[in-house]
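All remarks here apply to the structure that follows.
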Amino acid sequence: MKICMIGTGYVGLVSGACFADLGNDVCCVDKDNEKINMLNNKEIPIFEPGLKDIVNKNSESGRLNFTTDINFAVKNSEVIFICVGTPTIKNKASADLKFVFQAAKEISKSINKFKIIVTKSTVPVATGDKIEKIISKRKSKKLFEVVSNPEFLREGEAIRDFRFPDRIVIGSNNKKVIRRLKSLYDPLIKKGAKFFSTNRRGAELIKYASNAFLATKITFINEIANLCEKTGVNIEDVSIGMGLDQRIGSRFLRAGPAYGGSCFPKDTKAITVTADLFKSDLSIIKSVIKSNDKRRTLLTDRVKKILSNKIKNKRIAFLGVTFKPNTDDMRQSTSLLMIPSLNKKGAKIYYYDPTGEKSEFYKLKNVFYCNNINEACKKVDLIIIHTEWEEFKVLDFKKLSINKKFKIFDMRNLYSAELMKKKGFDYYSIGR
Ligand SMILES: NC(=O)c1ccc[n+]([C@@H]2O[C@H](COP(=O)([O-])OP(=O)(O)OC[C@H]3O[C@@H](n4cnc5c(N)ncnc54)[C@H](O)[C@@H]3O)[C@@H](O)[C@H]2O)c1
C-alpha cells in the first residue's frame with residue numbers, strides 16, 4: 001500500500017519505518033527541515049532502540065522516503081496518517097490541536113483522488129468530525145474518509161509494540177475503509193494482535209480512557225507506597241500480592257516517581273477538559289492529576305529530609321533524567337522539577353544520562369552533565385537513581401564510595417533494601 005505519515009516524530013517515524021518493513025511504500029513528511037535532512041543523511045533524530053536499523057534497511061530498499069513536501073506525499077498516497085503532536089495549550093489543560101488542523105488544511109489542498117485520512121495523533125472526542133469539516137471546505141466528501149486509529153506504542157519499546165501490539169483499534173462507520181485498513185495491519189493480526197473496530201468517536205475515546213486508566217494505576221500504587229512508608233510495609237510485596245489477582249494484573253503497579261512523558265500528563269488533563277465540555281465530571285482522573293503533581297514536590301521534600309534539610313552546597317548525583325529508560329524524551333520528567341528545585345536551594349547537581357546532555361538544564365548554574373556514572377558520583381553527598389536504565393541496576397557502590405561516604409535515594413527500587421542495609425549503605429527507596 002502507498003502510505004504517508006504527516007509528522008515524523010516518535011509515532012510517525014516508528015510506525016512509518018515499521019509499515020515500510022511490512023512491505024508498504026511509505027513517505028514520511030515533516031515540516032522540520034533539519035529532521036528531514038538528518039533522516040536523508042541516515043541520522044536518526046530521536047533515541048529509540050532498534051529504530052536506526054529498520055530505517056536504514058527500508059530507506060536503502062527504497063520503500064521508506066523522507067520529505068518536507070506534503071503536497072507530493074499526499075498526492076502519491078492512498079492512506080494518510082496524521083501523526084503530529086497534540087501538546088497541552090500553555091497555561092491550560094486542553095489539547096492544542098493547531099498542528100492537527102494545520103495538517104488537515106494542507107492535506108485538503110492536495111487531495112486528487114480518494115484518500116483514507118487516519119488520525120494517529122491522540123485527539124479529543126469529536127476531533128475527527130472537525131477534521132472532516134476542514135477538508136470538506138475544499139474537497140467533496142466522496143473524495144475522502146476520516147478515520148481514527150489511535151497509537152498505543154510506548155517510547156523505548158516502540159518497535160516491539162508496533163510489531164506485537166495487544167490491539168489495533170479502528171474508528172469508522174465505513175465498512176470498506178475498515179476492511180482496507182485491516183488489510184494494512186493484516187501481518188500483525190496474523191501474529192496475534194486483536195483487531196477492534198468501532199465508530200470514530202469511540203476510537204478517539206478509547207485512547208484517552210486507556211492512558212487515563214494507566215496513569216490512575218501508577219498514581220494509585222504511588223499513594224499506597226506513601227502509606228507503606230508510614231506503616232512499615234514493603235510496597236514490593238503489596239504490588240506482587242495485588243498483581244497476582246488477574247482482575248488487577250501486575251503491570252503498572254510499580255511505585256516510583258510521578259508519571260511523566262509526552263502522553264499521560266497531557267492526556268489526563270485533556271480528557272477532563274473534554275468531559276467538562278460534555279458536562280460530565282471525571283472526578284477520579286482529576287484527583288489523579290492532583291496527586292501526581294503533588295508527588296513531584298513530595299519526592300523533592302523527601303530528598304531534603306534525607307539530607308537533614310541541609311541542601312546548600314550539597315553535591316547531588318542524578319542517575320538518569322529522562323522520564324523512563326530507553327528514550328531521550330524529557331517531556332514532563334520528574335527531574336525537570338526536582339533538579340531546578342534542589343538547585344535553587346543551593347545544591348550542586350551532577351547528572352548522567354545514557355542519552356546525553358539535556359538542553360533543559362543549560363541555563364541552570366551549578367547543574368553539570370557528566371560523561372559517565374563514576375564522574376557523576378565523584379565526591380557526592382547523595383546519589384539519586386531517577387531512571388530505570390539497565391546500567392544502573394548493577395552498580396558497585398563500594399567502588400563509587402572510595403572518596404566519600406554518601407547516601408543513596410533509589411527512586412526505582414532497583415536494589416534490595418535489606419541487602420543495601422547489610423552492606424552498610426545509607427539507602428532510601430520508595431515505599432519500603
Ligand atoms: N510519543 C509517544 O510515545 C506516543 C504514543 C502514542 C501516541 N502518541 C501521540 O502521537 C502524536 C505524536 O506524538 P509524537 O511523540 O510522535 O510527537 P513529536 O513531537 O515527536 O512529533 C510530531 C512531529 O510532527 C511534526 N509536525 C507538526 N505539524 C506538522 C505539519 N503540519 N506537517 C508536517 N509535520 C508536522 C513536528 O515537526 C514533529 O516532528 C501525539 O498526539 C501523541 O499524543 C505519542
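Applied to region 54-69, the Karplus parametrisation 6.51 cos²θ - 1.76 cosθ + 1.60 on θ = phi - 60° returns per-residue 3J(HN,Hα) values of 5, 5, 5, 4, 7, 5, 4, 7, x, 7, 10, 10, 10, 8, 9, 8 Hz, with x for Gly and Pro. Descending by average beta-carbon neighbour count within 10 Å, the peptides 336-347, 317-328, 276-287 line up as 317-328, 336-347, 276-287, the highest first. The three principal axes of the C-alpha atoms in the chain carry coordinate ranges of 71, 48, 41 Å, sorted with the longest axis first. Largest first, the residues Arg179, Arg315 sort by 1.4 Å accessible area into Arg179, Arg315. Around the amide H of Thr88, modelled in the peptide plane, lie the amide H atoms of Asp96, all under 5 Å away and 5 or more residues distant in sequence or on another chain. In terms of overall dimensions, region 221-281 has a Cα radius of gyration and Dmax of 15.3, 44 angstrom. Thinking of region 202-242 as a set of Cα atoms, what percent of all their pairs are more than 13 Å apart? Percent of Cα pairs beyond 13 Å in region 202-242: 59. Taken along its principal axes, the alpha carbon cloud of region 352-426 reaches lengths of 40, 25, 16 Å, longest axis first. Over region 156-282, all Cα pairs binned in 5 Å intervals from 0 give whole-percent P(r) values of 2, 9, 13, 16, 17, 16, 13, 8, 4, 2, 1, 0, listed from short to long.
Place the peptides 54-61, 165-172, 25-32, 228-235 in order of packing, highest mean first, counting for every residue the other Cβ atoms within 10 Å and averaging per peptide.
25-32, 165-172, 54-61, 228-235
Counting only the Cα atoms, region 110-215 fills a convex hull of 111 Å³ per residue. For region 236-331, the extents of the C-alpha atoms along the principal axes are 51, 35, 28 Å, listed from largest to smallest.
For the chain, the fraction of 1.4 Å probe accessible surface lying on carbon and sulfur atoms is 52 percent.
Using a 1.4 Å probe, how large is the accessible area of Asp237, given in Å² and rounded to the nearest 10? Approximately 100 Å² for this residue.
In plain terms, the C-alpha convex hull of region 243-397 casts an average shadow of 11.4 nm² when viewed from every direction.
For Val118, nonlocal amide neighbours, meaning residues 5 or more places apart or on other chains whose placed amide H falls under 5 Å from its own, are Ile80, Phe81, Ile82, Val147. Quotient of the Cα radius of gyration of region 57-96 and 2.2 N^0.38 Å, N being its number of residues: 1.73. Kirkwood hydrodynamic radius (Cα pairs, Å) of region 312-407? Roughly 13.3 Å, rounded to one decimal. Between the amide H of Ala93 and any residue lying 5 or more places away or on another chain, no distance stays under 5 Å, with hydrogens modeled in the peptide plane.
Separation of the alpha carbons by more than 31 angstrom is noted, of Lys344/Lys405; Lys345/Lys399; Lys113/Lys266, for Lys113/Lys266. The distance linking region 144-216 with region 371-390 is 39 Å (Cα centroid to Cα centroid, whole angstrom).
For the chain, with every protein chain kept in place, what is the accessible area per residue (1.4 Å probe, Å²)?
For the chain, the per-residue accessible area is 48 Å².
Evaluating 6.51 cos²θ - 1.76 cosθ + 1.60 at θ = phi - 60° for every residue in region 136-147, the Karplus couplings come out as 6, 5, 10, 10, 5, 4, 6, 8, 7, 9, 9, 10 Hz, glycine and proline recorded as x. Only beta bridges with both residues in the chain are counted; by DSSP, about 5 percent of them are antiparallel. Computed from backbone phi with θ = phi - 60° and the Karplus coefficients 6.51, -1.76 and 1.60, the 3J(HN,Hα) list for region 272-285 is 5, 5, 4, 4, 4, 4, 8, 6, 10, 9, 8, 5, 5, 5 Hz; x is used for glycine and proline.
Of the peptides 201-209, 304-312, the order by per-residue mean of other Cβ atoms within 10 Å, starting with the highest, comes out as 201-209, 304-312.
Pairs exceeding a 25 Å alpha-carbon distance, out of Lys35/Lys139; Lys120/Lys358; Lys92/Lys310; Lys304/Lys378; Lys35/Lys105; Lys130/Lys176: Lys35/Lys139; Lys120/Lys358; Lys92/Lys310. One equal scatterer on each Cα of region 1-92, no solvent, Debye formula: the resulting log10 I(q)/I(0) at q = 0.14, 0.15, 0.18 Å⁻¹ is -0.44, -0.50, -0.71.
The values are calculated or read from the model by the stated rules, or taken from the named source; none is laboratory data. Please read all numbers here as calculations on a predicted model, not as lab measurements. Heads up, the Cβs are rebuilt from the backbone with ideal geometry, glycines too, and the neighbour counts pull from every protein chain shown. Side chains included, ligands, DNA and RNA excluded: accessible areas come from the protein's heavy atoms. Shrake-Rupley method; radii C 1.70, N 1.55, O 1.52, S 1.80 Å.
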